[in-house]
1. Restricted to Cα positions, what overall size does the chain have along the principal axes? Three whole-Å values, descending.
2. Apply 1/(1 + (r/R0)^6) to the Cβ-Cβ distance of Leu11 and His112, taking R0 = 30 Å, and write down the FRET efficiency to the nearest 0.05.
3. Calculate, for Glu143 and Asp43, the FRET efficiency according to 1/(1 + (r/R0)^6) with r their C-beta to C-beta distance and R0 41 Å; round to the nearest 0.05.
4. Around Pro56, under 12 Å between beta carbons, what's the net of Lys plus Arg minus Asp minus Glu among the other residues?
5. Along the charge dipole of segment 68-130, pointing to its positive end and built from +1/-1 on Cβ of Lys, Arg, Asp and Glu, which listed residue (Ser98, Ala118, Ile130) has its Cα farthest out?
6. Can you give the Kirkwood hydrodynamic radius for segment 1-49, in Å, rounded to one decimal and based on Cα pairs?
7. Under a point-charge model restricted to the Cβ atoms of Lys and Arg (+1) and Asp and Glu (-1), what is the dipole moment magnitude of the chain relative to its Cα centre, in debye to the nearest 20?
8. Just to check I understand the Karplus step: with θ = phi - 60° and J = 6.51 cos²θ - 1.76 cosθ + 1.60, what whole-Hz values come out for segment 54-67, glycine and proline as x?
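Rule-based calculations on the coordinates, nothing more; no lab input. All values reported here derive from a predicted model rather than from experimental measurement. Neighbour counts are summed over all protein chains in view; Cβ atoms, including those assigned to glycine, are modelled from backbone coordinates with ideal geometry.
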Amino acid sequence: LDEVTIIGAVLDLRSKPVSQIMTPISDVFTLCTEDILDETLVDKATGYSRIPIHAPNDNGNLVGMLLTKRLITYDPEDARPVKELPISTLPETGPDTSCLDILNYFQEGKSHMALVSADPGGESGGLGIITLEDVIEELIGEEIIDE
Ligand code: ADP
């Protein structure tokens with residue numbers, strides 16, 4: 001890491017739109033409300049901290065997200081559908097929101113993931129997702145390697 005690079009990246013946050021650093025929707029691991037959480041699916045899901053949830057037969061219609069820490073007390077033998085688990089709100093923002101604004105939003109603690117949509121609140125579906133880690137990686141100019 002280099003301090004000068006980081007300071008430059010801080011000053012760029014205001015003018016950089018989230019669309020430039022988001023994870024495109026085609027790369028996002030999602031679950032359907034009807035998916036049955038058996039052992040195989042729980043194993044896959046716990047590779048992520050947050051998983052967007054979509055409605056049946058409509059990948060683009062994201063209805064919320066599962067915080068996988070909620071699975072700590074879940075028994076895969078129960079094989080329950082995703083819709084029976086506590087589903088959190090997935091906030092939505094537009095592609096032109098600045099990285100500084102989304103960082104401020106994440107800092108408020110309501111969520112550390114947001115859906116990026118062309119038409120937030122509309123029917124357009126998501127373009128991608130953005131998380132606190134995406135913004136921090138942008139700040140340090142390097143990838144944060146997961147433990
Ligand atoms: P995690 O804790 O699951 O590793 P982070 O919030 O630390 O997630 O984000 C790490 C990277 O993975 C970011 O680029 C983020 O956009 C991406 N990411 C987060 N959740 C998902 C998901 N469900 N599917 C695909 N990529 C994701």
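1. Result, largest extent first: 52, 37, 26 Å.
2. 0.80
3. In this case the efficiency is close to 0.95.
4. -2
5. Positive-most Cα among the choices belongs to Ile130.
6. 14.4 Å
7. With only Lys, Arg, Asp and Glu charged at Cβ, the dipole is about 460 debye.
8. In residue order, the calculated couplings are 10, 6, x, 6, 8, 3, x, 8, 7, 9, x, 9, 9, 8 Hz.
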